[in-house]
Amino acid sequence: MSVSVGTTSAAPRRKRSASANTEHSTPANGVRTDTVTTSAKGEGQALRPHAEDAFADELAALAAHDDRPRPARWKLSPWAVATYLLGGTLPDGTVITPKYVGPRRVIEVAVTTLATDRALLLLGVPGTAKTWVSEHLAAAVSGDSTLLVQGTAGTPEEAIRYGWNYAQLLAHGPSRDALVPSPVMRAMAQGMTARVEELTRIPADVQDTLITILSEKTLPIPELGEEVQAVRGFNLIATANDRDRGVNDLSSALRRRFNTVVLPLPESPDAEVDIVTRRVEQIGRSLDLPAVPDGIDEIRRVVTVFRELRDGVTTDGRTKLKSPSGTLSTAEAISVVTNGLALAAHFGDGVLRAGDVAAGIVGAVVRDPAADRVVWQEYLETVVRERDGWKDFYRACREVSA
């Protein structure tokens with residue numbers, strides 16, 4: 001016997017409206033919580049809107065011009081999904097901004113995987129936009145990126161399968177009303193895309209809960225003698241970190257259920273500068289920070305420092321360097337620049353300068369106070385000090401490091 005999971009279950013669906021709303025939800029512990037949500041147009045504008053909200057106009061424009069075949073329950077065709085992520089210009093002149101700057105084939109393979117019965121595993125070092133790509137894929141395919149399981153060492157099996165409203169369970173025993181579906185169960189029943197972040201941080205026995213879901217496309221509910229069968233359109237995107245190997249490695253049985261796509265680091269300095277600039281502009285607009293073009297030289301400088309220390313060699317290839325313990329990812333470069341812009345806006349003249357990014361760079365590089373500080377000092381004295389046009393940066397970093 002199969003069972004469908006709809007909006008009458010104990011897990012509430014997210015509400016969106018033009019005014020503030022109060023959401024009532026009854027979690028598994030039986031205690032109802034009231035949370036207030038506000039519209040993105042009101043004074044309570046979301047700090048970070050979901051992808052389907054932030055880029056609603058682009059998604060609507062793509063849907064209007066998309067005349068290609070769409071898999072069951074997809075909002076867009078695979079071609080349109082790839083265009084949404086990679087950017088392009090529609091026949092009417094509408095510009096679709098790139099969400100991912102990298103090899104086109106990587107996105108094409110990822111989108112194609114979601115159109116099959118194979119789940120998608122996005123793999124890469126920290127900061128390669130795995131979560132970002134996952135969110136935008138779900139937004140473009142299903143129109144909802146919020147069916148999310150965040151993986152941690154404490155993620156329970158219920159987060160992937162289902163839980164119970166214990167007040168209902170104690171009062172009436174196992175029943176449909178007492179069942180609290182997980183995001184994965186809801187995605188199965190509704191033919192949508194579920195997301196599991198940091199899969200390798202989830203305990204191995206909990207990870208393996210996905211095996212039956214991904215192979216049989218069904219989720220048994222033995223307490224009710226029922227099961228949830230995935231309807232067409234269901235798929236799952238998981239992300240995993242290269243640096244987490246050995247934490248909770250995926251079993252061979254589970255890994256076979258995924259098609260793995262590796263997201264690489266940016267190929268060139270110019271590509272990484274472009275990524276950092278675009279993302280900082282998006283974040284800056286939500287925080288009312290100064291325009292990024294005023295600080296493009298400092299962005300390039302941050303990217304250069306990160307790439308050289310990450311690669312263990314200077315850009316010209318003449319000097320070999322020691323690499324620090326941290327990853328120095330593109331995501332960290334974005335964080336450093338954003339923090340620098342905030343310093344420039346609130347404590348400077350609004351223009352991003354060397355002094356605004358120096359503290360952020362030192363903090364990103366020196367994670368291990370003993371080993372990383374030596375690496376940073378050597379880089380500062382042998383590379384930064386001798387580089388033309390970097391005297392202001394050298395002085396700012398020396399002041400912060402002192």
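The values are calculated or read from the model by the stated rules, or taken from the named source; none is laboratory data. Please read these numbers as outputs of a predicted model, since none were measured by experiment. Note that we place each Cβ from the backbone using ideal geometry, even for glycine, and neighbour counts take in every protein chain shown. Accessible surface areas use protein heavy atoms only, side chains included; no ligands, DNA or RNA. Shrake-Rupley method; radii C 1.70, N 1.55, O 1.52, S 1.80 Å.
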Q: For every other residue with a beta carbon closer than 9 angstrom to the beta carbon of Val149, add +1 if it is Lys or Arg and -1 if Asp or Glu, then tell me the sum.
A: 0
(Q) Test of understanding: what is the full-extension gain from Asp208 to Ala60, defined as 0.36 nm times their sequence separation minus their Cα-Cα distance? (A) 49.5 nm
Q: List, in the order given, every pair from Lys130/Lys217; Lys75/Lys130; Lys320/Lys391; Lys99/Lys217 whose Cα-Cα distance in the structure shown is over 27 Å.
A: Lys99/Lys217
(Q) Using amide H atoms built in the peptide plane, which far-off residues or other-chain residues are under 5 Å from Thr260 H to H? (A) Leu121
Q. What's the FRET efficiency of Asn339 with Glu223 using the Cβ-Cβ distance as r and R₀ = 41 Å, to the nearest 0.05?
A. 0.25
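How much length, in nm to one decimal, is gained on full extension between Val351 and Ser215, taken as 0.36 nm per residue of separation minus their Cα-Cα distance? Show your work: numbers first, answer last.
Details: separation 136, 0.36 × 136 = 48.96 nm, distance 5.41 nm.
The span from Val351 to Ser215 would gain 43.5 nm if fully extended.
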**Q.** Relative contact order (%) - the range 269-401, alpha-carbon pairs under 8 angstrom, separation at least six
**A.** 23
Q.
Hydropathy at least -0.5 by Kyte-Doolittle, axial extent at least 24 angstrom from the Cα trace: which helices of the chain, defined as entire DSSP H runs, fit?
A. 269-287, 330-347
Q | Local net charge near Gly163, Cβ-Cβ under 13 Å (Lys/Arg +1, Asp/Glu -1) | A | -1
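Report, in deg cm²/dmol and to the nearest 500, the calculated mean residue ellipticity at 222 nm for the chain, where each DSSP H run with n ≥ 4 adds -39500 (n - 2.57) and the sum is divided by the residue count. Intermediate values should be presented prior to the final figure.
Values: 16 runs with 162 residues, N = 402.
My calculation for the chain gives -12000 deg cm²/dmol from helical runs alone.
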Q) Could you give the distance between the Cα centres of the range 92-117 and the range 217-275, to the whole Å? A) 17
(Q) Defining a contact as two alpha carbons under 8 Å apart and six or more residues distant in sequence, what relative contact order in percent does the chain show? (A) 15
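Antiparallel versus total DSSP beta bridges in the chain: what percent is that, nearest 5?
Values: 15 of 33 bridges.
In the chain, DSSP labels about 45 percent of beta bridges as antiparallel.
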Q | Solvent-accessible area per residue, Å², over the range 269-401 with all protein chains present [probe radius 1.4 Å] | A | 48
Q: Determine the share of the chain's accessible area contributed by carbon and sulfur atoms, expressed in whole percent, with a 1.4 angstrom probe.
A: 51
